[in-house]
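Read through the structure below, which is laid out as structure tokens, and then see the notes.
The values are calculated or read from the model by the stated rules, or taken from the named source; none is laboratory data. None of these values were measured; they are calculated from a predicted model. Every residue, glycine as well, gets a Cβ built from its backbone with ideal geometry; the counts of neighbours run over all protein chains shown.
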Amino acid sequence: MVKSDEKLAIDGGKAVRGKPFPPRRLFGDEEKAAAVEVFDEAITTGQAFGYAGPREQAYEKEFAERLGGGFAKGVNSGTSALLAAIAALELEPGSEIVCPPITDPGGVMPIVMMNCIPVPADTNGFSFNVGAEQVAAAVTDRTRAIVVAPIFGEPVDMDPILELAREKGLAVVEDAAQAHGAVYHGRPVGTHGDIAAFSTMFGKHYASGGQGGIFFTQNEDLFWKARRFMDRGKPFRTDEPNNVRLGLNLNSDELSAAIGRVQLKKLPWIIERRQAVAAAVADGIKSLQTVALGKIIPDAQASYWHTRMTLDTDKLTVDKDAFAEAVKAEGIPVGVSYRHIPAEHIWFRSRNTYGSSGYPWTAPYEPPNLPNCEAVLARNFLISIHENWTDKEIADTVAALTKVEKAFLK
């Protein structure tokens, strides 16, 4: 029962927020002008714009420079960037790759598409990210690589994972789709492993259009292996006259690059604003007893694709879902659950891959044991912030969290 005198909106009371939160307005006149320039050039010259042109090359150079130098290539999605990363490793069929337990399907499907077996590791116990101990528990003598994903832009504790990888001779891929601008130990997320994959679709920190992605590495040999795969095996940096390997057409294009270049310039401000909004919400609820901004590992800065809110349900009369639904009813953009567990999906459980073969799996399906994952899902919900929140949105969010805690506090 609600013990507060202030009736919750979910019970018929007046909501804290009566009007929708402001739209993000990611694209503006600058992106429009860049796109129009591409079309104007095509109209004037009579030549359709394609891919791998001067805008795309400049975009890739600017992206790599933001990460301290290396090799970047634009592709048509974040999933394609991860697929190219796995392909660059040139692993034998049946190799195992340790992967995140909670991630987009596109964070696991490329493993299977490259004929390898995804093995989910558990979370670290307090966030949706894996930890080194959990990764180590998933490693076998068939493991050849580790994919880590800093979920919501919260950095993974990479050093112990990298130490484990060096000890076992494993490659490390950072699936940084949600982590533009995040920092771990003074260096950008995406620069710690062997390869990184970024998404630039419309919902991420910045976008190159409706869909897009970036492959990045500081290893030139891996870059050219990936580059050949992502353009149908073309013989880049070889003496061969014809295509040299199996591959796909994962290319980006000049229009996407033109938009991406404008957006990339805005990224520092976007990250700074999101961090400021998250910090303001955290400060506003610091006196609450049950809800707080999710813990970030030491010496790291999150970029907050979403804000993860952690709940101490032992002090409440309801569970996390009921609490989050009540906050949502107050007009706050809440994600009640982020139960994106690929190992639960029917394609994974039933091995719906290549015909009825179940390939590349060779053993019967056994559900992974992910106790930390279940515990963190039961304690955490999301608030979808963005860089154009004002003090009003922050104040309303704090007021809603305060109101709901008061209602459900034991």
Inset, instruction - Would you confirm whether any residue within the range 215-224 is of a type in the set (Asp, Glu) and either over 30 Å from Ile297 (Cβ atoms) or crowded, with 22+ Cβ neighbours inside 10 Å (or both)? - result: yes
Inset, instruction - Filter the range 355-408 down to residues that are part of a helix (DSSP H, G or I) and in contact with a Gly (Cβ under 6 Å, 6 or more places away or on another chain) and give me whichever is nearest to Gly335 (Cα to Cα). - result: Val398
Inset, instruction - Go through the range 235-265 residue by residue and tally those that are among the charged types (D, E, K, R) and surrounded by fewer than 18 Cβ atoms within 10 Å (Cβ to Cβ). - result: 5
Inset, instruction - Have a look at Asp314, Asp321 and point out the one that is at pLDDT 95 or above, part of a helix (DSSP H, G or I) and surrounded by fewer than 12 Cβ atoms within 10 Å (Cβ to Cβ). - result: Asp314
Legend entry - Pairs, first under 24 Å from Leu170 (Cα atoms) and assigned to a loop (DSSP other than H, G, I, E, B) in the range 184-202, second at pLDDT 95 or above and among the aromatic types (Phe, Trp, Tyr), C-beta under 7 Å, six or more apart: Gly190/Phe198; Gly190/Phe216; His192/Tyr184
Legend entry - Residue in the range 59-79 that is more than 30 Å from Ala145 (Cα to Cα), in the same structural domain as Tyr206 (by TED's automatic domain parsing), small (Gly, Ala, Ser) and touching a residue at least 12 places away in the same chain (Cβ under 8 Å) present: no
Inset, instruction - Looking only at the range 212-220, decide whether some residue is outside the structural domain of Thr397 (by TED's automatic domain parsing), out of contact with any strand residue (DSSP E or B) (no Cβ under 9 Å at 6 or more places or on another chain) and under 28 Å from Asn76 (Cβ atoms). - result: no
Inset, instruction - Go through the range 1-120 and tell me which strands (runs of 3 or more DSSP E), entirely inside it, have 1 or more residues that are under 20 Å from Leu170 (Cβ atoms). - result: 96-99, 117-120
